[in-house]
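The next block holds one structure in the form of structure tokens; read it before the comments.
The values are calculated or read from the model by the stated rules, or taken from the named source; none is laboratory data. What you are looking at is a predicted structure, and each value in this text was computed from that prediction instead of being measured. Virtual Cβ from ideal backbone geometry, glycine too; neighbours counted across all protein chains shown. Note: areas computed on protein heavy atoms with side chains; ligands, DNA, RNA excluded. Shrake-Rupley method; radii C 1.70, N 1.55, O 1.52, S 1.80 Å.
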Amino acid sequence: MKQYRTRILWLLSVLGLIVFISYSYSLTLAKASLKELTEESTLIIVGKVAATECVWLDKSAKVICTDLKIAIDDQLKGEKNTTIAVRQLGGKIDDFGLNIPGTPQFNIGDKAVFFLVKHQGFYWIHSIALGSFKIVTDELGQQFVVNDLQDVNLIDPATNANIDPQTVFNRTPMTAFLKEVKSYITEIE
């Protein structure tokens, strides 16, 4: 059932992406709680972007993907690995670029907590933007996780009402965030 829901969410996210790119410059997604992200993700990791590569998904249709090589620091859920590849829509090859509003942008060296789903042989970030939490360090050395939902419109799946993205995933101390995720994993097992 969870796998079916994940596939449906993935398909709806991609279809929603295509429709909303045609009509606006932002991405509209149904809100998911941290518990839902945890339950529906195949793999949850804390990792660092080691490399990026843009590839043609479909050259004739001008569809580009960016493959992120992630060095895993901590693995919370899923098959054990030391590195993985994460694919996301968008990127730039030569003079052609495909920008997907709402897609998180990563540089080599960026650290994040990734909630990932498996689709067509690749790991993808859950719900395009919802499953990526960048790790930032403040001036005192404390680490926080931040979900950058720039160019994302969130809606409540029950009411279809708009939700302010900043009220869903606030800047949270990393230790508290990981503790909450681990508690949901324990409930699943």
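Residues in the range 25-42 near a label at I185, defined as backbone nitrogen under 20 Å from the 7 Å Cα→Cβ point? Correct set: 33-42.
Separation of the range 35-56 and the range 65-91 by C-alpha centroid, Å? Here the answer is 5 Å between Cα centres. Working from Cα pairs under 8 Å separated by at least six residues, relative contact order for the chain is 21 percent.
Peptides 62-73, 28-39 ordered by packing proxy, namely the average of other Cβ atoms within 10 Å per residue, highest first: 28-39, 62-73. Over all other residues within a Cβ to Cβ distance under 14 Å of I45, the charged ones net out to +4, with Lys and Arg as +1 and Asp and Glu as -1.
Peptides 46-54, 123-131, 135-143 ranked from most to least packed give 123-131, 46-54, 135-143, packing being the mean of other C-beta atoms within 10 angstrom over each peptide's residues. Annotated for the range 69-146: lysine pairs at least 8 residues apart or interchain, Cα distance under 15 Å, count 4.
Considering only Cα atoms, the convex hull volume of the chain works out to 132 Å³ per residue.
Rounded to the nearest percent, how much of the accessible area of the chain (1.4 Å probe, protein heavy atoms only) is carbon and sulfur?
Carbon plus sulfur share of accessible area: 52 percent.
Excluding ligands, DNA and RNA, the accessible surface per residue across the chain is 56 Å² with a 1.4 Å probe. Modelled label positions at K35 and N81, each set 7 Å beyond Cα in the direction of Cβ, lie 2.8 nm from each other.
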